[in-house]
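Below you'll find the structure, written out as structure tokens, and then a few comments.
FYI, it's all coordinate maths here, none of it is from the lab. Bear in mind that the values here come from a model prediction, so they are computed numbers and not experimental data. Here the Cβ is made from the backbone with ideal geometry for all residues, glycine too, and neighbour counts use every protein chain on show.
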């Protein structure tokens, strides 16, 4: 069993702070550290995209109205895979820096545990998370909620990057996120509806309390690794 260390970067900081910590922890594992790490962060408004998905600064299919639009927050490249997304205050972003070979089922097994953890948290607030709608492609993965009419909305995104057997990035859960931040983009390159715990329930949760609640669930789920 590998020890699990949690870091909390809340309230909101520039994303570069969490990315920098992620890289430091990644390098520690490369050097033989035996501790898995999770950074629970909240970011100031920012858009991130996988630089491998964009050629010649062509953001058509990722940004609505591209190229004739200016986003309301900085746009930075990352190496997490996926398309484009928005991060901002009220969104809980979790960076998993794990030795993946210790996880049953590898990356797929780890993604399942991440989704299971989010669903357990949502259940505390009367929300029942579901997998992506069947008609959507794989890049729509994450956690969704549906109403009685069958309309699906995405409440959490996930995406792990793996290099040298070590994971980075992880998931982002909309807690009290201003969903207007998603309006100028196609999240994950898809024309989908995003939602939050606040929008679905009316609850305005404290971000630090929510982060600690999720960390307890994640620690339980990953406790055997």
To the nearest 0.05, the calculated FRET efficiency linking residue 164 and residue 76 through their beta-carbon distance, R0 being 22 Å, is 0.45
Computed on Cα atoms, Rg of the stretch 1-113 relative to 2.2 N^0.38 Å comes out at 1.21
Burial-style ranking of 193-205, 82-94, average other-beta-carbon count within 10 Å with highest first, yields 82-94, 193-205
Here, the stretch 129-225 modelled as identical Cα point scatterers in vacuum has Debye log10 I(q)/I(0) at q = 0.16, 0.21, 0.22 Å⁻¹ of -0.81, -1.25, -1.31
Protection proxy (average C-beta count within 10 Å per residue), highest first, orders 68-74, 117-123 as 117-123, 68-74
Relative contact order of the stretch 4-221 (C-alpha contacts under 8 Å, at least 6 apart) in percent is 24 percent
Over the stretch 82-164, the quotient of the Cα radius of gyration and 2.2 N^0.38 Å is 1.16
Taking every DSSP bridge whose two residues both lie in the chain, the antiparallel percent to the nearest 5 is 70 percent
Expected sort for 35-42, 133-140 on mean C-beta neighbours within 10 Å, highest first, is 35-42, 133-140
Asserting the computed 222 nm helical MRE of the chain (DSSP H runs at least 4 long, -39500 (n - 2.57) per run, divided by residue count, to nearest 500) equals -7500 deg cm²/dmol
Inverse of <1/r> over all distinct C-alpha pairs of the chain, i.e. the Kirkwood Rh in Å, gives 17.7 Å
From the Cα centre of the stretch 5-20 to that of the stretch 146-214, the distance in Å is 17 Å
